[in-house]
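Note sheet for the following structure.
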Amino acid sequence: MLRYCLHRLLVGLAMLLALTVLIFTLLQLTPGDPIDAYIDPNVAMTKEAMDALRARLGLDQPLPVQYLAWLSQAAQGNLGHSLQRFNETVSGLILSRIGPTLLLMGAGLSIAIVIGIASGILSAVRRNTVPDYSLSVLALLGISSPAFLTALLGLYVFSVRLKWTPSGGMLTPATDFSVGDLLHHLILPATVLSIGHAALIMRYMRASMLEVLNQDYVRTARAKGVKEFWVVTKHALRNALLPVVTLIGSTIGLAVGGAIFVESVFNWPGMGLLLISAVETRDYPVIMGATLVIGACVIVVNILTDLAYAVIDPRIKVA
Amino acid sequence: MPASPSSSGPLARATGRFLLNRAALLGVALLLPLLAAVLTYPLWMPYRPNDIDLLAMNAAPSAAHWFGTDGVGRDVLARTLEGGRISLLVAAASVVLSTAIGFLVGAISAFGGRFADALAMRSVDLAMTLPPVIFLLVLASIVGSGIWSTVVVIALLSWPVLSRMIRARLLELREREFVMASRGMGAGIGHLLFRHGLPNSIDILVVYATLQVANAILLEAGLSFLGLGVPPPAASWGNMLNAARSTAVLEQYPWQWLFPGGALVLAVLAINFIGDGLRDAFDPRADLN
Amino acid sequence: MNLKTTFSALALSAALLGALPLASGNGNALAQGGTISGGFDVGPGGFQGNFNPLAATSGFTWLVTYFEPLVIYDDKLAKIVGALADTYEVSADQKTYTFKLAETKWHDGQPFTAKDVRFTLELARNEKAGSVFAARLGVVQSVEAPDDRTVVITLSAPSPSMLDTLTKVMMLPEHALAAIPAEQIAKHAWWSSSPIGTGPFKFTKYVADQYVELAANPDYRGGKPAADKLINRYFADPAAAIAALRSGEIQFTYVDSNDVSTFSSDSNFKVIEGDSYVVNYVGFNQEVPLWQDLRIRQAFMYAINRDAIIQSLYGGAAKPANCVYVADQLVPQGIESYGYDPEKAKQLLAEAGWNKINGDKPITILTYYTSPLATNVLAAMQAMLAQVGINIVPRAVDTPTYNSIVYQQSGNAGDYPLIYAGLQNGPDASNINIGLNEKQIPPAGANILRIRMAAVTDALDAALAETDAARSDARYQDVCKATNAELPWATMWVANRYGVASAKLKDFVWTPAPAGGPYQAHVEKWSIAE
């Protein structure tokens, strides 16, 4: 087990390296550079002045030199400075955004997992009944609405019209921190975020539960007179959770990257917002650093997901 | 294994089961008229999707314009139908592409031996490790906006999840006796893939594909929200919905986003009903009741 | 099981929703002068996250709340008046500028002197410091400080836009910055942690990507500010700022013109309208062979129904531009007005042989405007041009992509045969030179369409060389005449821009100046009613 984990971690490191090369190359293919992003086309600037700014940022160096310079620093734990922000180190920037993102995603996903798994089981067990139909239709509606539209509507109804929740941000400016203030800002974006995930988890849970309930060993258990409640929770649930664990695992891994739509509508200061602005302003060091951090999180979560498999289903050998 | 005494083939049985599924039939009943309208609208619509009329802009639904008009006086019904063409095209094309990639990579990983498994899973991991926000934004700004680049972006973003699920399912299958036997008899990878892999993962494929149609339509809408995706003035449900970003449109001209939004939700709902029906129908282990 | 969780979730949210408005409502009661919050860096002219005025291509509306320049536009953007300079004099040969400085102190209590001015201007001329003014201040020969209250700037040649440039150079404290090497100054931590200026407000803190907070400077020479705190909230897009404005969290933001209707009938808000000083145009890339014939360029003017677009899409809030200017004093009598006439456009195209030159092959029109309004404008233009047989296809890209395409040295003219763009044409009329003068073809300037039209270049050179301020308007009228006749651009209009302020704000001054100004906003007088 320990050897397996070590092996996976080593492979993960190699993958991170491949990932940074890939993103670095992709970034060079992106039209425009940090200086192009800096200039308001309505207030023109000479190309000479732009080239002088370029040289100051080291953007006139050959690409492999730029990459190796970045890599050697990154290997020592220094992700460099943002090109577009004020004296902010990339690691500092990322650290300050991961918290809010994990809070938002954690809240949203927890709501989603509880609602999704519970309603999925209910739907499967009460197959073809009114609760099943209504839950299925609700879930379908949930995954059928674009997240940004739900977010805009939520914002409009609860913030602009009813004035129940703030229109965005994480804390009220110029006031002291309070948990109540934080939750007040969190509730709407987390709820909007949970809708899609809950619906998705519910559907996978239902499909996989139905599958398992039809299998021989479950039928055998039923035939032996085991109570339906125990059939579901003890015999079926473990196996039915397999695909759902995969789904949740991949969602958690990606969660570190933030929820672009929800974060951008609600102005939530998380990774998604950071990345949107970094890509818009071609802030290379921030994009590279974020790639590295998010990549590492995904790799670790993937390893944990595979381990969780082994725990849930002993038939799968971790080799 | 529930052996059916029926003499008809599996396809006929699946069709029979599908026809008994009311939700699936409802889906068909919703989707067919929508598809027919989307495909035939140039024949009967008096307006074309890009005809502007500055004298009738932001007009509410009326006898002349059933769905009203948008900010430059274009007929919202004509644009909703044209948008449906584009959105469904983008969704269908990207799903075909991503399902093919996802299944092949997942199945090869499960059946192809240790080396293939390692290679396939590393590429899946690499693709899944790519932060989607970065990948999406960077890829979209490299290939530029447009219908086919949207298809490619969506497909490249969505196949890895499927691969992992296929692999998970087939790994479980690999340990079963009949597959072990077939491997023992020296069955080729093609045989394993399509005789054992495909039928045994059809439910995953169908559930994935239906959800992915929804995802693809939604992703296209999301790309438009970020200013990528299908570029205006071409119509797509996504870039029409994008108008709701403006509070004035959201509040004062709701028909400009309600109708494309409604069409989008309706189409996705219908496709999902059908997908669920197919899932039940194709499942070789489905309850015959 | 499911219902129970749903219920508890609902109960929890209801409890939170019910309890919290109370908690957040009592924050303002303590503050005596009140806190004014706004999205001062939202929309065009804003520059969220920039704290260094030497690197500011825009965002001056906010920067002048704590920094100050020597001279500044008045709030009508009509004339330049003293700010940190009480008075200024320009010599007869337009080469010597003498400033008499105001008596004031930096936020840390140190006196503001002529040495600070000299230090700032040296820094602003230094490319190594990442100054965006280095090129514009290139004509400065020397900066002298004969005494603490006097600064003399000597130019190597007259420069009519010198004062305009100086309005954007914020004065910086030598005692705080002298120790920092020029190479490190552009992104130094000082700017976003402890900057000091001379303005009515003092910098207190920056919460990354959320807001900047300022506190009143009680010693401000224009009087103690009425408000206690000033907060600049950051918003990823104008729609988010509008939501915050409507929910009462902020009192001001820039608003896209198609969102103005939401506010115009609401007595809780005041809509502020102003000239954008940006002329929008369809630009013809002179390096593609399509646009040699003047008649084809004229056809664009006749084919696009500018009045209809202005009336319906801009709600009337734009002035049609028949040359690069629209200001009354710059537009001479008797220039062609290019009224909407599709038949004439067709005829001109036929005479020029458009069918042989291009016909109905699609032509990409590149733009960096991605707002819903611009999208609608382009859709309207596309439909109107299609009527006369010109098939344009809009391609909207983000700013870096746009800049990387149009500034590229050569070989990619086919990527942008047409552009839909804008350029600042005021309040200083010479701003337009950089995009039209043949001498400004990149890398020297921003004549990105590679326009080589002798009549236009000559008119611009004459206007720039005019040292007699009284005759300057007449010279710019010649520029107008030349651009009207030669049509280097199909000039469309100068649109108005909007800000919306809460009715609670008193003595609030804002105008949609290009790059955010700066202009005299008298921030110290702004106050907020309870």
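Read-outs throughout are calculated quantities, based only on the coordinates presented, and are distinct from any laboratory measurement. Remember, predicted model here, so these are calculated numbers, not experimental data. Virtual Cβ from ideal backbone geometry, glycine too; neighbours counted across all protein chains shown.
Summary table below
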{"quantity": "Solitary cysteines of the protein assembly as shown, where the nearest other Cys Cβ is not under 4.7 Å", "calculated": "A:C5, A:C297"}
{"quantity": "Globularity ratio of chain B, using Cα Rg and 2.2 N^0.38 Å", "calculated": "1.18"}
{"quantity": "Chain C: DSSP helices with Cα axial extent of at least 27 Å and average Kyte-Doolittle hydropathy no lower than -1.0", "calculated": "C:2-25"}
{"quantity": "Pairwise FRET efficiency - C:I363 versus C:D93, Cβ, R0 = 41 Å, nearest 0.05", "calculated": "0.25"}
{"quantity": "Quotient of Cα Rg and 2.2 N^0.38 Å for segment A:168-223, N being how many residues it contains", "calculated": "2.08"}
{"quantity": "Cα-only radius of gyration and Dmax that characterise chain A, units Å", "calculated": "24.0, 84"}
{"quantity": "With Cα atoms, 0 to 90° folded angle of helix B:113-129 axis to chain B main axis", "calculated": "20 degrees"}
{"quantity": "Sequence of A:M105, A:M209, A:M271 once ranked by neighbouring C-beta atoms within 10 Å, starting from the fewest", "calculated": "A:M209, A:M105, A:M271"}
{"quantity": "Residues whose placed amide H lies under 5 Å from that of C:V393, excluding near-sequence neighbours", "calculated": "C:I363, C:T364, C:I365"}
{"quantity": "Debye-sum result for the protein assembly as shown in log10 I(q)/I(0), which assumes one identical scatterer on each alpha carbon, at q = 0.09 Å⁻¹", "calculated": "-1.13"}
{"quantity": "With eigenvalues of the C-alpha gyration tensor scaled by 5 and rooted, chain C, Å", "calculated": "41, 34, 20"}
{"quantity": "Estimated dipole of segment C:276-495 in Debye, rounded to 20 [Cβ of Lys and Arg +1, of Asp and Glu -1, Cα centre]", "calculated": "460 debye"}
{"quantity": "Cleavage-rule hits, trypsin sites (Lys or Arg not before Pro), segment C:28-98, DSSP coil, Cβ neighbours within 10 Å at most 15", "calculated": "C:K76, C:K79"}
{"quantity": "Two-site label geometry, A:S72 and A:R222: point separation in nm, points 7 Å out along Cα→Cβ", "calculated": "6.8 nm"}
{"quantity": "Zone residues, segment C:478-520, relative to C:D74, backbone N less than 12 Å from point 7 Å out along Cα-to-Cβ", "calculated": "C:520"}
{"quantity": "27 Å Cα-Cα reach of C:K361 towards lysines, excluding residues that sit fewer than 8 places from it in its own chain", "calculated": "C:K344, C:K346"}
{"quantity": "Whole-number percent relative contact order across chain A, with pairs defined as alpha carbons under 8 Å at least 6 apart", "calculated": "27 percent"}
{"quantity": "For segment C:169-260, alpha-carbon Rg relative to the globular expectation (2.2 N^0.38 Å, N residues)", "calculated": "1.34"}
{"quantity": "Spin-label pair C:S267/C:Q141, simplified geometry with 7 Å Cα→Cβ offset, distance in nm", "calculated": "6.3 nm"}
{"quantity": "Candidate lysines for bridging to C:K205, where Cα separation is under 30 Å - those fewer than 8 sequence places away on the same chain excluded", "calculated": "A:K163, C:K105, C:K115, C:K128, C:K168, C:K187, C:K224, C:K229, C:K270, C:K504, C:K506, C:K525"}
{"quantity": "Rounded to 10°, Cα long-axis angle of helix A:63-75 versus longest principal axis of chain A", "calculated": "60 degrees"}
{"quantity": "Spin-label model distance (nm) - A:D60 vs C:Q329, 7 Å beyond Cα toward Cβ", "calculated": "4.2 nm"}
{"quantity": "R0 of 30 Å, Cβ-Cβ distance C:K100-C:T204: FRET efficiency to nearest 0.05", "calculated": "0.40"}
{"quantity": "Rounded to 10°, Cα long-axis angle of helix A:90-125 versus longest principal axis of chain A", "calculated": "20 degrees"}
{"quantity": "Share of Cα-Cα pairs in segment A:260-306 lying beyond 13 Å, as whole percent", "calculated": "61 percent"}
{"quantity": "Net dipole in debye of the protein assembly as shown [+1 Lys, Arg Cβ; -1 Asp, Glu Cβ; about Cα centre; nearest 20]", "calculated": "4420 debye"}
{"quantity": "Tensor-based shape of segment C:276-495 (alpha-carbon gyration tensor, a/c under 1.5 rounded, otherwise prolate or oblate)", "calculated": "rounded"}
{"quantity": "FRET efficiency estimate (nearest 0.05) - Cβ-Cβ, A:L162 to C:S161, R0 56 angstrom", "calculated": "0.65"}
{"quantity": "Karplus (6.51, -1.76, 1.60) ³J(HN,Hα), θ = phi - 60°, over segment B:216-232, in Hz, Gly and Pro reported as x", "calculated": "5, 4, 5, 5, 4, 4, x, 4, 5, 4, 8, x, 10, x, 6, x, x"}
{"quantity": "Integer Hz, Karplus 6.51/-1.76/1.60 couplings in order for segment A:201-214, x for Gly and Pro", "calculated": "4, 4, 5, 5, 4, 5, 4, 6, 5, 4, 4, 5, 4, 8"}
{"quantity": "Sequence-distant residues sharing a close amide H with A:H81 (under 5 Å, placed H)", "calculated": "A:V90"}
{"quantity": "For chain C, size of Cβ-based charge dipole, Lys and Arg +1, Asp and Glu -1, in debye", "calculated": "780 debye"}
{"quantity": "All aspartates and glutamates inside 13 Å of C:K100 as judged from Cα atoms, apart from same-chain residues fewer than 8 positions distant", "calculated": "C:D86, C:E89, C:E144, C:D147, C:D148"}
{"quantity": "For segment C:366-502, radius of gyration divided by Kirkwood radius, i.e. Rg to Rh on alpha-carbons", "calculated": "1.00"}
{"quantity": "Dipole axis of chain C (+1 Lys, Arg; -1 Asp, Glu on Cβ), positive-most option in C:T150, C:P218, C:Y498", "calculated": "C:Y498"}
{"quantity": "Integer Hz, Karplus 6.51/-1.76/1.60 couplings in order for segment B:155-170, x for Gly and Pro", "calculated": "5, 5, 6, 10, 6, x, 4, 4, 4, 5, 5, 4, 4, 4, 5, 6"}
